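Structure first, then comments.
Where a number appears in this text, it was derived from the coordinates with a stated rule and is not lab data. For clarity, every value in this text was computed on a predicted model and none was experimentally measured. FYI the Cβ positions are ideal-geometry reconstructions off the backbone, even for glycines, and counts take in every protein chain you see.
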Amino acid sequence: MAIQDIQVDSLVIGAGPAGSAAAIQLAKAGLSVALVDRLAFPRDKVCGDALIPDALRALDELCLKDRVLEKARFLEKIRVYAPNERFIVIPGDCACVPRETLDDIIRREAVYRGAQFYAGFNLHAALRADGAVQGAIFVGQQGQTLTVRARVTLLATGAAAEPLKRFSVCERVSPSAIAARIYVKADEQFARHCDYLCISFSRTIGRGYGWIFPGPENVFNVGVGYYYDARSKPPETNVRTLLGEFLSACPPAIELIQRSRPLTCLKGAPLRTALGGSRLAAPGLLVIGEAAGMTYSFSGEGIGKAMESGILAADVILNSLRNTQTTVAEIARDYSARIRELFTERFSAYKIAQDWLSSPTIANFLAWKANRSPFVQRQLEGLFQETVDPRQLFSLTGVMRSLIS
């Protein structure tokens, strides 16, 4: 079989938002970058497809926001349903675009900036020497071998545990959550009037959530998710059954199904959340995106945080070039420290929000108060915009303030 052996400054494994964002920044700065993925693009990816403010900010930093919004449906509010079906309207810019489209736009930009893209290669083994990762070996679909040697390797392989194990950074094999979705196409009138992202903490799902996200061309992404690490699991853990119950109980879901036709079958995928399940780095290796648990417990949103981690990893690598004496171990320590400094408290706070909202009584109370209390409304808007600490609301003090506000 054909054998290819290349040497680059950086190897990025996984061409989703995290990997491609890192590849863009590195290649734009003049580094040689190999971007390797097991699939050819464009390819489908199980996701809710929603871009909330953090994702839009990251795309703007990559100079891709306008290009993505041309292919997306832009929205200006989110509607959150409590278990009793009372809802809150939270204003804020957001959008919905299929991951098949989004990921290919970001990957194409990485290639345009100079990254070498290799599709259809499965990770076979890590390359190690002198106690550090120095690249990886891949096997193609036709059995060909690709060996990539690099000073720094970035692992952006999503929730799968096997790649983490290959690099000896897996701390937990099982994921944090599971989610599943379908696509349906609605009639023109319904699609036009459904001009918001919808998240439902429906009683039928229990300790999880459902969503209805309107995308371009009247196509809706509809799905459910639940957490393995919630205080208690839902009575039903089969996502197909959960989706059926959600579609028959949530008011906007009921109307959508009545006025749409299915386009795809149900597809599910695991999630890694709250910076859990893997080490963030090792000498010569940086773990980014969902592989590092860069997904919020509260909402299952991870696209924005994935790109942020990729951009941050590239920044750490580029800063190391200013000091030629910086070792790969120091790069790993710097990246881990910056990720934890920026995100540890935030992810912990959103996990607290998840735990509080797992109580139907609390969720129903906040939905009722949000339409009466400026304090609660501001806190929920800040939660969406990431301008407040969730613990200001999701705490005994916050609930007491909600009562008297």
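Worth a mention:
- When each of 45/351; 65/369; 165/267 is checked by Cα-Cα distance, pairs over 27 Å: 65/369
- Cβ-Cβ FRET estimate between residue 6 and residue 323, R0 fixed at 30 Å, reported to 0.05: 0.70
- In this structure, residue 44 and residue 401 have a Cβ-Cβ separation that, at R0 = 51 Å, corresponds to a calculated FRET efficiency of about 0.70.
- Global form of segment 256-328, assessed from the alpha-carbon gyration tensor, a/c cut-off 1.5: prolate
- Amide N of segment 197-222 lying under 18 Å from the label point, which is placed 7 angstrom from the Cα of residue 188 along Cα→Cβ: 215-220
- Gyration tensor over the Cα atoms of segment 359-404: the corresponding equivalent ellipsoid has semi-axes (square roots of 5 times the eigenvalues, largest first) of 15, 11, 10 Å.
- Förster radius 25 Å - calculated FRET efficiency between residue 258 and residue 368, Cβ distance, rounded to 0.05: 0.35
- In this simple spin-label approximation, residue 241 and residue 333 carry label points 7 Å from Cα along the Cα→Cβ vector, and these lie 5.1 nm apart.
- On Cα atoms only, tilt of 328-357 relative to the major axis of the chain in degrees: 10
- Order of 351, 369, 165 under a 10 Å beta carbon neighbour criterion, fewest first: 165, 369, 351
- Gain upon complete extension [residue 344, residue 63; 0.36 nm per residue less C-alpha separation]: 98.5 nm
- P(r) histogram, all alpha-carbon pairs of the chain included - 20 Å bins from 0, percent: 28, 56, 16, 0
- Helix axis angle, 374-385 relative to the chain longest principal axis, alpha carbon, degrees: 30
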